[in-house]
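Structure first, then comments.
The values are calculated or read from the model by the stated rules, or taken from the named source; none is laboratory data. Computed from a prediction, not measured in an experiment: that's the story for all the values here. Cβ sites come from the backbone with ideal geometry, for glycine too, and all protein chains shown count toward neighbours.
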Amino acid sequence: MHYMITELSEQLLYQVKVSKPYHEFLTQLQKIKFDELKNQLVSDEEKKAFWINIYNALFVILKRDKHFDKPKIYTDKLITVANKHLSLDDIEHGILRRFRYKYSLGYIKNIFASKTIKTLAVDQLDYRIHFALNCGAKSCPPIAFYSPDKIEAQLSLAELSFLEGETEIDLENKKVFTSMILNWYRGDFDGISGIKKLLSQVLKQDLSDFKIGFKPYDWEEDLNNYQ
């Protein structure tokens, strides 16, 4: 059975979630023509939905079933889509973050990104993808199933849920503590002032004059954190 490519990403993720055979879906992904991939993923909504699902599904496959560990699970080109070999880093930092360097706090573009990555990348970086990508750790956001027609509402819900769950406000000392993810990619959020502005908007409280801190990241494995 053949699916639209965004549906294929959801089906793959579902098979992974329920621990049922998923190899036919991987085969379909591998065999799709590159032009068809580009033609089906035109809007940023389509690109984000597809690549978030692929990232979350493939991380579990590579970790749980193939027993890869970091750094190789992120850096090695272990994923084949449309006969193009990609890494998890290619998907996250190349396609979804519009070719930003991984360790630049979100401030530096990778001008040496491949033609494939530049062709597939989103037109506009959406910081909310950080509340959707799951790397199998306890501090990661839960895995959800994203579809292009619902992704705006889905990402906004993921943003609200994640920030409410990860943020603590100390009114007495005027301090706010939130996820280390926002610090690692602070450039994606327009810096520290942007992070405070975002938290103020989402949590409906003026935090502009609060000091901000970031919680230690819990890397304990949690591969079944589905929304």
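Would you say F59 is in contact (Cβ under 8 Å) with a residue 12 or more places away in the chain, within 17 Å of F131 (Cα to Cα) and out of contact with any Ser or Thr (no Cβ under 8 Å at 6 or more places or on another chain)?
yes
Against the condition within 18 Å of the chain's Cα centre (by Cα), hydroxyl-bearing (S, T, Y), surrounded by fewer than 20 Cβ atoms within 10 Å (Cβ to Cβ) and part of a loop (DSSP other than H, G, I, E, B), how does S139 come out, does it pass? Break it down into steps so the answer makes sense when it comes.
Working: within 18 Å of the chain's Cα centre (by Cα): yes; hydroxyl-bearing (S, T, Y): yes; surrounded by fewer than 20 Cβ atoms within 10 Å (Cβ to Cβ): yes; part of a loop (DSSP other than H, G, I, E, B): yes.
Here the answer is yes, as S139 does meet what is asked.
Report yes if some residue within the stretch 142-157 is in a strand (DSSP E or B) and out of contact with any helix residue (DSSP H, G or I) (no Cβ under 7 Å at 6 or more places or on another chain); otherwise report no.
Within the stretch 142-157, the subset in a strand (DSSP E or B) is 143.
Those still in the list that are out of contact with any helix residue (DSSP H, G or I) (no Cβ under 7 Å at 6 or more places or on another chain) too: none.
No.
What are the pairs, 6+ residues apart or on separate chains, where a residue within the stretch 1-30 that is farther than 13 Å from F50 by Cβ and of a type in the set (D, E) has its Cβ under 9 Å from a residue that is at pLDDT 95 or above and surrounded by 15 or more Cβ atoms within 10 Å (Cβ to Cβ)?
E24/Q15
Would you please name the residue that is nearest to the chain's Cα centre (by Cα), looking only at residues in the stretch 212-224 that are assigned to a strand (DSSP E or B) and closer than 20 Å to Y185 by Cβ? Give the derivation first.
Restricting attention to the stretch 212-224, the residues satisfying the condition of being assigned to a strand (DSSP E or B) are 212-214, 221.
Narrowing the set further to residues that are closer than 20 Å to Y185 by Cβ leaves 212-214.
Values: I212: 24, G213: 23, F214: 19 Å.
Only one residue tops the list, namely F214.
Search the stretch 107-122 for residues that are under 16 Å from L96 (Cβ atoms) and pair each with any residue that is of a type in the set (G, A, S) and at pLDDT 95 or above when their beta-carbon atoms are under 7 Å apart and the residues are at least 6 apart or on different chains.
So the pair list comes out as A113/G94; I117/G94; A121/G94.
Please go through the stretch 19-42 and pick out each residue that is within 19 Å of T116 (Cβ to Cβ) and not in a helix (DSSP H, G or I).
Once the filter is applied, which keeps residues that are within 19 Å of T116 (Cβ to Cβ) and not in a helix (DSSP H, G or I), the stretch 19-42 yields I32, K33, L41, V42.
Testing K118 on (1) outside any loop (DSSP other than H, G, I, E, B); (2) of a type in the set (D, E, K, R); (3) within 14 Å of the chain's Cα centre (by Cα), one condition comes back false. Which one is that?
Going through (1) outside any loop (DSSP other than H, G, I, E, B); (2) of a type in the set (D, E, K, R); (3) within 14 Å of the chain's Cα centre (by Cα) one by one, K118 breaks only (3).
May I ask you to say which residue of S156, S161 is among the polar types (S, T, N, Q), within 18 Å of the chain's Cα centre (by Cα) and under 27 Å from K70 (Cβ atoms)? Spell out the reasoning first.
Numbers: S156 fails: under 27 Å from K70 (Cβ atoms).
Exactly one residue qualifies, and that residue is S161.
Just need a number here: residues in the stretch 158-173 that are loosely packed, with under 13 Cβ neighbours inside 10 Å and part of a loop (DSSP other than H, G, I, E, B).
Going residue by residue through the stretch 158-173, those that are loosely packed, with under 13 Cβ neighbours inside 10 Å are 164-165, 168, 170-173.
Those left that are additionally part of a loop (DSSP other than H, G, I, E, B): 171-173.
Adding up the residues that qualify gives 3.
Looking for whichever is surrounded by fewer than 13 Cβ atoms within 10 Å (Cβ to Cβ), small (G, A, S) and outside the structural domain of W184 (by TED's automatic domain parsing) here; the options are S114, S104, S43. Which one fits?
Details: S114 fails: surrounded by fewer than 13 Cβ atoms within 10 Å (Cβ to Cβ); S104 fails: surrounded by fewer than 13 Cβ atoms within 10 Å (Cβ to Cβ).
Answer to the check: S43.
Suppose the filter is of a type in the set (S, T, Y), over 26 Å from L58 (Cα atoms) and outside the structural domain of K102 (by TED's automatic domain parsing); does S179 pass it?
Values: of a type in the set (S, T, Y): yes; over 26 Å from L58 (Cα atoms): no; outside the structural domain of K102 (by TED's automatic domain parsing): yes.
Taking the combined requirement at face value, the residue does not satisfy it.
Looking only at the stretch 1-18, which residues are assigned to a loop (DSSP other than H, G, I, E, B) and at pLDDT 95 or above? Quick ask: steps written out before the conclusion?
First, pick out the residues of the stretch 1-18 that are assigned to a loop (DSSP other than H, G, I, E, B): 1-4, 18.
Correct list: V18 only.
Which residue, of L223, L203, is surrounded by fewer than 18 Cβ atoms within 10 Å (Cβ to Cβ), at pLDDT below 95 and among the aliphatic types (A, V, I, L, M)? Before you say what the answer is, go through the steps one by one.
Numbers: L203 fails: at pLDDT below 95.
The match here is L223.
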